[in-house]
Each structure stands twice: as structure tokens, then as C-alpha cells.
1. In the range 91-126, what residues are touching a residue at least 24 places away in the same chain (Cβ under 8 Å), farther than 17 Å from Gly169 by Cα and not in a helix (DSSP H, G or I)?
2. Residues that are in contact with a Lys or Arg (Cβ under 8 Å, 6 or more places away or on another chain) and aromatic (Phe, Trp, Tyr): find the helices (runs of 4 or more DSSP H) completely inside the range 165-260 holding 3 or more of those.
3. If you go through the range 234-255 one residue at a time, how many are crowded, with 17+ Cβ neighbours inside 10 Å and touching a Gly at 6+ places or on another chain (Cβ under 8 Å)?
4. List the pairs whose first member sits in the range 134-155 and is of a type in the set (Val, Ile, Thr), whose second member is at pLDDT 95 or above and assigned to a loop (DSSP other than H, G, I, E, B), and whose Cβ atoms are under 7 Å apart, counting only residues at least 6 apart or on separate chains?
5. Would you call Ile230 under 18 Å from Gly31 (Cα atoms) and among the β-branched types (Val, Ile, Thr)?
6. Output the number of residues of the range 30-44 satisfying the condition of being part of a loop (DSSP other than H, G, I, E, B), in contact with a Leu (Cβ under 9 Å, 6 or more places away or on another chain) and among the hydroxyl-bearing types (Ser, Thr, Tyr).
7. Return the total of residues in the range 211-255 being within 11 Å of Gly176 (Cβ to Cβ) and at pLDDT below 95.
8. Test of understanding: among Ile172, Ile194, Ile230, which residue is crowded, with 19+ Cβ neighbours inside 10 Å and under 24 Å from Gln12 (Cα atoms)?
Amino acid sequence: MFDIGVNLTSTQFAKDRDRVVKRAREAGVTGMLITGTNALESQQAQSLAQQHSSFCWSTAGVHPHHASEWSAETAATLLRLATSPQVAAIGECGLDFNRNFSAHDQQEYAFNAQLALAAECDMPVFLHCRDAHARFIDILKPWIEKLPGAVVHCFTGTREELEECLALGLSIGITGWVCDERRGLGLRELLPLIPAEKLLLETDAPYLLPRDMRPRPPSRRNEPCFLPHIIHQVAQWRGEDSQALAQQTDANARRLFRLN
């Protein structure tokens with residue numbers, strides 16, 4: 001089983017990163033993608049992936065929250081990181097019109113720049129979209145034929161949005177959000193609509209601890225070792241065997257990020 005979204009650079013893991021990775025291995029996780037969200041954290045993510053080579057890989061990118069930080073130096077840093085064998089995708093990049101930590105025009109500029117970088121480097125893209133679907137698709141669509149692949153990380157959209165993403169050939173990342181009995185019900189109903197070869201699973205640790213986990217960890221911190229819980233629940237809602245789903249989504253991740 002492969003966790004495509006782990007924020008291992010988070011300060012919440014500062015005291016026990018190695019133990020977090022160890023617990024993930026012991027839980028049966030066979031690979032992890034460490035998310036880069038700005039230039040500095042992308043460098044940190046690459047370094048962590050190097051420390052845990054053949055088990056961890058990383059992304060290099062600028063999250064829309066950090067789009068205002070985009071500069072020529074940022075672009076050069078990401079281009080350099082993209083040549084590293086540990087870096088498997090460009091991102092996390094996209095649009096977030098919910099919290100608007102960066103202005104819309106800054107987000108769109110940084111998103112376009114990272115799509116161009118991914119196309120130049122022939123790398124898949126790790127995408128973020130929140131409350132910005134129409135504009136997100138408008139920007140992404142011209143680049144699709146120039147990219148080897150892309151995944152919409154932490155998808156929480158509608159049926160129509162899912163269908164539009166699938167029509168573009170995007171993979172769909174599902175997190176423990178789907179385990180939320182209040183917010184996740186709509187997403188739960190969409191799970192059977194995702195083709196098996198387009199489904200990817202992720203914890204987004206340390207965020208999005210599945211609300212239905214029992215017992216809940218005292219820290220309330222999510223970890224990649226909880227990925228088996230998400231797999232079990234998703235398999236149940238899709239009417240599939242959890243072991244088969246774990247193998248399928250692992251293969252999907254390795255194919256998209258070209259890790260074999």
C-alpha cells in the first residue's frame with residue numbers, strides 16, 4: 001500500500017520523524033510520497049526522501065497558499081530539485097480560493113509556471129484544488145497533453161467535478177476525509193465511480209485523521225501508519241477486497257510516479 005500524500009516536513013513530526021516512518025513500515029505501508037509545499041519544504045522533503053530511499057519519494061512545488069512567494073529563484077530551485085531521483089512529481093500546486101492566503105492572480109501565475117516546469121521536465125503533477133474547480137480546469141486543460149500524468153490530491157468535489165477530472169485523465173487522491181460521517185458522505189457515494197486504475201490513497205498526515213478511527217490516538221495527529229484504516233473503509237464502500245485495493249492503488253502510484 002502506497003501513501004501518496006504525507007506532510008513529513010511538518011513541525012508536528014519534528015520530534016519523531018524516523019519513528020513515524022518506522023511505524024508506517026510496520027503497518028504494511030510499502031511507499032510514501034512526501035509533499036513539498038514551498039521551496040524550502042521541497043528541499044527538506046527531498047532530503048527526507050533521500051534518507052529513506054526506496055521507501056520515500058518527494059514532490060517539489062509551491063502550494064497556492066505560498067504562491068505570493070513565487071520568484072525566479074523559486075523556479076530555479078524547483079528545476080534543480082526536479083533532476084533529483086528522489087523527486088517524483090511537481091507540486092503541490094494548483095488553486096485554493098477558499099482561504100486565499102495568496103491573491104488569485106498570484107495563484108494562477110504560480111500554477112501555470114509549475115505546469116510549464118512539469119511539461120519541460122516530463123514529470124507528473126501533484127495537484128491541489130479547493131473552491132476553484134472551473135478556473136482550475138481552465139488553466140490545466142491546455143497542459144494535459146504535455147504532461148505524463150497528474151493526480152488531484154485530496155479530492156472532495158462533486159460528481160460533476162469528478163467526471164470532469166476523469167475526462168481529462170486525472171488520477172484521484174482520496175484521504176481520510178471520506179471517513180468523516182458528516183463531511184465525507186457525499187464523497188463516499190462517489191467512490192464506486194472512480195475507475196480502479198485512477199484511484200490513489202493518502203493520509204495527508206499529520207492532517208485529516210479519520211474521524212471514525214477507534215481508538216483515536218491521544219495526539220489526534222494523523223500518521224501514514226493509519227493508511228490501512230482508510231484502505232479498509234474505502235474497499236468496503238467500493239465493495240472490494242481491501243488487500244486487492246491496497247495492491248491496486250500501490251501499483252497505480254508506482255505507475256503514475258514512475259517508481260519501478
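The values are calculated or read from the model by the stated rules, or taken from the named source; none is laboratory data. Everything quoted here is computed from the prediction, not taken from an experiment. Every residue, glycine among them, receives a Cβ derived from its backbone with ideal geometry; neighbour counts consider all protein chains shown.
1. Answer for the range 91-126, where residues must be touching a residue at least 24 places away in the same chain (Cβ under 8 Å), farther than 17 Å from Gly169 by Cα and not in a helix (DSSP H, G or I): Gly91, Glu92, Cys93, Leu95, Asp96, Phe97, Asn98, Arg99, Phe101, Ser102, Ala103.
2. On the way: elements: 185-190, 227-238, 242-256.
Qualifying helices (runs of 4 or more DSSP H): none found.
3. 3
4. So the pair list comes out as Ile144/Leu168; Ile144/Gly169; Val151/Leu170; Val152/Leu170.
5. Considered against the rule, which asks whether it is under 18 Å from Gly31 (Cα atoms) and among the β-branched types (Val, Ile, Thr), Ile230 comes out as yes.
6. So the count comes out to 1.
7. 3
8. None of the other options fit; the residue is Ile230.
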